[in-house]
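This report concerns only the one structure given below.
The values are calculated or read from the model by the stated rules, or taken from the named source; none is laboratory data. This structure is a prediction, so every number in the text was calculated from the model and none was measured. Cβ atoms come from the backbone with ideal geometry, glycine included; neighbour counts cover every protein chain shown. Quick note on the areas: whole protein, heavy atoms, side chains included, nothing else; ligands and nucleic acids left out. Shrake-Rupley method; radii C 1.70, N 1.55, O 1.52, S 1.80 Å.
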Amino acid sequence: MAFDNYEQAVSFIHGRTQFKKIPTLSRMRLFLERLGNPESDLEIIHVTGTNGKGSTVAFLRELLEEQGLKVGTFTSPFIVRFNERIQINKQMISDEELLILVNYIVPVVAQLDKELSEVGGGPTEFEIVTALMFLYFSREKVEIAVVEVGIGGTFDSTNVISSPLVAVITTVAHDHAKLLGNTLAQIAGHKAGIIKEERPVVLGDIPEEALTVIRKRAAEKNAELYMPSEGYSFKEAHKKIPWGEVIDYEGFDLAITDLQTSLMGEFQRENAAVALSAFLVVARQKKWHVKSKEIRAAIKKATWPGRFEAVSESPLIVLDGAHNIAAMDMITKTIKRRFKNQHVYIIAAILADKQPREMFVQLSQLPNTTIYATTFAGPRPVAKVAEVTEESEKIEYSKNWQEALVEIIAQMSEEDMVLITGSLYFVSEVRHYFLD
């Protein structure tokens, strides 16, 4: 069986099962073995974390590209179209290349479906996408690949990476409870699965309960840990800019003040520091002579769709995929710090399995806001927000985001802001409307 066009190829990928009953890496290893182990000749930075993965990858990509390297990035989910998950130097894999690669793997997938029929069948959707990425990067002779974990770490299909240049754990917070567990220690156990024998690890600001688990894994693997106050440090700089964040950074024999990001949000200061630390770990290994000027240019250049992204200036409309409690907490901090002198209108739609009630409570505690709860056609059940709005006088219900936006624009002043937030799938839908 061969596909004739891109649409058929993508339908084939999305038509695969998403999860199997028993998590294992053996199926992925067998799959890659049949494809000639394309991952084995790649140099990889492996990134996991509850939040901040995508932005950290974006910072890393710019830092590496600034060194003149051919850099592959693998991220999920996509915001605009499927191809953006697999990129080389910010260029998405082409429809033609994707079709060629899918047709190349189809016979292997069919064979594994037969061989593994008694244990649930062949590769899952994410395993196929991961294999396509490894094949593409190998064929295109990518010099360094920055690979983002799908979910967790230990049993994620990207965890066939045996010896990363550096492993990165951005954050540990509650998310994907059914797959990763209900405690921070359980979740950290999955994230720590990407720590490999004698390979360095860079951490963001990790809660103590999770850090204990990560330290134990690192000790077992003789892996050196670098984290805020242990290996590097950063703080908010005194300098203020209209949009973005500014930090003072110190670590790895480098001190750099007033380092500016174009990405806005409390979490972006930490993401920039984590990415820079991971980059400097690799730079040491490679004996690169890195200049402060290159670092400044790279950090400022990094962009990431749907993360406190302004899609309109007048009126100011911002999109942010704050899709779990920890991310929503960061959103509320950013509003309190940067937008306390203006009114913020919030339109939010949240998936039902993401603690929507608690997230709306967080938003409703902000003093200078009007909140509209809405729904959209999500890939999984969306929170029934009518129930939430009945519990709070501060939250209004709107049957769709367009209706809420029309209502808001009719009453807002020039200084006010609209924040559209919640599920990344929701943000993706809205972004299409503004930027297509």
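Quick notes on this structure:
- Simple point charges give the picture: +1 on the Cβ of Lys and Arg, -1 on the Cβ of Asp and Glu, and for the stretch 263-306 a dipole about the Cα centre of about 340 debye.
- Reachable lysines, given that their alpha-carbon falls under 16 Å from the alpha-carbon of residue 53 and they are not under 8 places away in the same chain: 191
- Separation of the stretch 186-215 and the stretch 83-135, taken as the distance between their Cα centroids, equals 29 angstrom.
- Highest-fluctuation residue, 44, 13, 194 considered, GNM on the chain with Cα pairs under 10 Å: 13
- Among the GluC sites (Glu not before Pro) in the stretch 342-436, those placed in a DSSP loop whose Cβ has at most 14 other Cβ atoms within 10 Å are 393, 414, 415.
- For the stretch 326-422: rounded, prolate or oblate by the Cα gyration tensor [a/c cutoff 1.5]: oblate
- Solvent exposure of the stretch 351-432 amounts to 49 Å² per residue of accessible area, where only protein heavy atoms count and the probe is 1.4 Å.
- Cα gyration tensor shape of the chain, rounded if a/c is under 1.5, else prolate or oblate by comparing a/b with b/c: oblate
- Converting phi to 3J(HN,Hα) with the Karplus coefficients 6.51, -1.76 and 1.60 and the offset θ = phi - 60°, the stretch 397-407 yields 9, 9, 5, 8, 5, 5, 4, 4, 5, 4, 4 Hz in sequence order, with x at every glycine or proline.
- Comparing mean-square fluctuations of 422, 15, 189 from a GNM of the chain with C-alpha springs under 10 Å, the top value falls on 15.
- Protein heavy-atom accessible surface, 1.4 Å probe, per residue over the stretch 1-150: 41 Å².
- Taking only protein heavy atoms and a 1.4 Å probe, the accessible area of the chain is 50% carbon and sulfur.
- For the chain, built as a Gaussian network whose Cα springs stay under 10 Å, the top-fluctuating residue of 371, 22, 420: 22
- Electrostatic dipole magnitude of the stretch 299-362 [Cβ: Lys, Arg +1; Asp, Glu -1; Cα centre; debye, to 20]: 340 debye
- Rounded to the nearest 20, the size of the Cβ-charge dipole of the stretch 190-236 about its Cα centre is 180 debye, with Lys and Arg at +1 and Asp and Glu at -1.
- The chain - mean residue ellipticity at 222 nm from DSSP helices (-39,500 (n - 2.57) per run, n ≥ 4, rounded to 500): -12500 deg cm²/dmol
- Taken over the stretch 260-399, the convex hull of the Cα atoms encloses 136 Å³ per residue.
- Accessible surface for the stretch 158-231, divided over its residues, is 42 Å² per residue with a 1.4 Å probe.
- Prolate/oblate/rounded label for the stretch 213-336 (Cα gyration tensor, a/c 1.5): oblate
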